[in-house]
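A.B. asks: The structure follows.
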Amino acid sequence: MTEITAAMVKELREKSGAGMMDCKKALAETNGDMEAAIDWLRAKGIAKADKKSGRTAAEGLIGVATMGHKAVVVELNSETDFVARNDAFQDLIRGIAQVALTTDGTVEAVSAANYPATGKNVSDSIKDAIATIGENMTLRRSAALEVPHGVVATYVHNAAGDGIGKLGVLVALKSEGDKAVLNSIGRQVAMHIAATNPLAIRAEEVDAAVAERERNVFIEQARESGKPEAIIEKMVDGRMRKFFEEVALLSQAFVINPDITVGDAVKAAEKEAGAAIEVTGMVRLLLGEGVEKEESDFAAEVAAVAKG
C-alpha cells in the first residue's frame, strides 16, 4: 500500500481543484496513482476535468514559415520574456524556421541543418547566441506538414512580429482548388484549432487509450446514478458520441460560425474553390506547453539580496 503524503494530496488538489479530504480519499482509493485519482474524482463528480497545474509556460517564441506546399512550426525557449523580445532572438527563431523548411521537421534534423547566417549547424548557432545574449536557449519542438497539391495554412496567435508569437498552428488542405480560397478557409480552420485544441481531425482518429479512459470515467459516473446496466450502456454511448463531437476537429462547432461544424465549413468552401478539399494534417504548438517551470518568490529573493 502506497503511503499517501501531504505533497501528493497537495499536487492532486492543484491538478483537480477538489478539496483536500476528497483528494486524500481519491489517492487512498487508487493506491497513490495520480492519474487514476483524477479519474476517480471526475467519476464522483468532484473534479470536472483533468486540470493540469504547474505547467507554467516557458518563455521564448513559436515561429512558423511556409514554402510552396510545405509549412513548419518551431519552438525556441528562453529563460525570460525579456530575451524573447530581443531582436537577435527573434531573428534567430525566424532563421531557424526557414532552415526547418529544408528538413523533415524533426528537432534532430533541424538542429543538424546548416544555418546560413553563421555557416554552422542550428545547434551550434544557438550555442553562439547563448554566449552572446547570456541566457540559456533550447530548440524544444518542431514539426512540418506538406501536401502534394493544395496549401498548408498557418496562424500565429499573440504575434510578436511577422511569423512569430506564443502559439502557432499549421493545417494541411489537400486540394486541386483555387489557392486563394484554400488559404482563406485554411487560415480560418487554423484559428479554430488555436482556440479549441482538438485531439484529432476525425473521431476515428482519436487515440484509443484516451477514448477508453473517457469511457471508463463515464461508466463510473453513470453507475453513481444507480441506473440498470442496460441503461448505463446507452447513457455512456451517448456521452461518448458527444465527447467525439467535442474533440474531433471536423465535428466541432466552427468558432467563426457555431451554427455549422468545421467539416461543414470546409465542404462549403469546396464550391468556391472548385474542387474537393481534404484536411490531411494539423499541428498546434503552444509556447511552453507541458514544461514545468519552477516558481520563485520574487519578494523573498529581493529581501534576501537586500540583506546582503
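The values are calculated or read from the model by the stated rules, or taken from the named source; none is laboratory data. These numbers come from a predicted model, not from an experiment. Note: ideal-geometry Cβ built from the backbone for every residue, glycine included; neighbour counts use all protein chains shown. We work out accessible area using only protein heavy atoms, side chains counted, and drop any ligands, DNA or RNA first. Shrake-Rupley method; radii C 1.70, N 1.55, O 1.52, S 1.80 Å.
A.B. asks: With all protein chains present, how much of the accessible area of the chain (probe radius 1.4 Å) comes from carbon and sulfur, to the nearest whole percent? Walk me through the numbers before you get to the answer.
C.D. replies: Details: 8380 of 16150 Å².
Reported share for carbon and sulfur atoms: 52 percent.
A.B. asks: Next question. Among the listed pairs Lys127/Lys179; Lys44/Lys242; Lys70/Lys166; Lys70/Lys120; Lys127/Lys174, give every one whose C-alpha distance is greater than 30 Å.
C.D. replies: On the way: Lys127/Lys179 39 Å; Lys44/Lys242 20 Å; Lys70/Lys166 21 Å; Lys70/Lys120 24 Å; Lys127/Lys174 38 Å.
Distance filter (> 30 Å) returns Lys127/Lys179; Lys127/Lys174.
A.B. asks: Measuring with a 1.4 Å probe in the full set of protein chains, what accessible area per residue, in whole Å², belongs to the chain? Mind showing how you got there, number by number?
C.D. replies: Values: 16150 Å² over 308 residues.
It amounts to 52 Å² per residue over the chain.
A.B. asks: Starting from the Cα of Lys25, draw a straight line to each of the aspartates and glutamates and keep only those under 19 Å, dropping any in the same chain fewer than 8 residues away.
C.D. replies: Glu3, Glu11, Glu14, Asp33, Glu35, Asp39, Asp50, Glu220, Glu224
A.B. asks: Using a cut-off of 14 Å between beta-carbons, work out the net charge of the residues near Ser184 (Lys and Arg +1, Asp and Glu -1, Ser184 not included). It would help to have the intermediate numbers written out before the result.
C.D. replies: Working: positive: Lys179, Arg187, Lys271; negative: Asp178, Glu270, Glu272.
Result for the neighbourhood of Ser184: 0.
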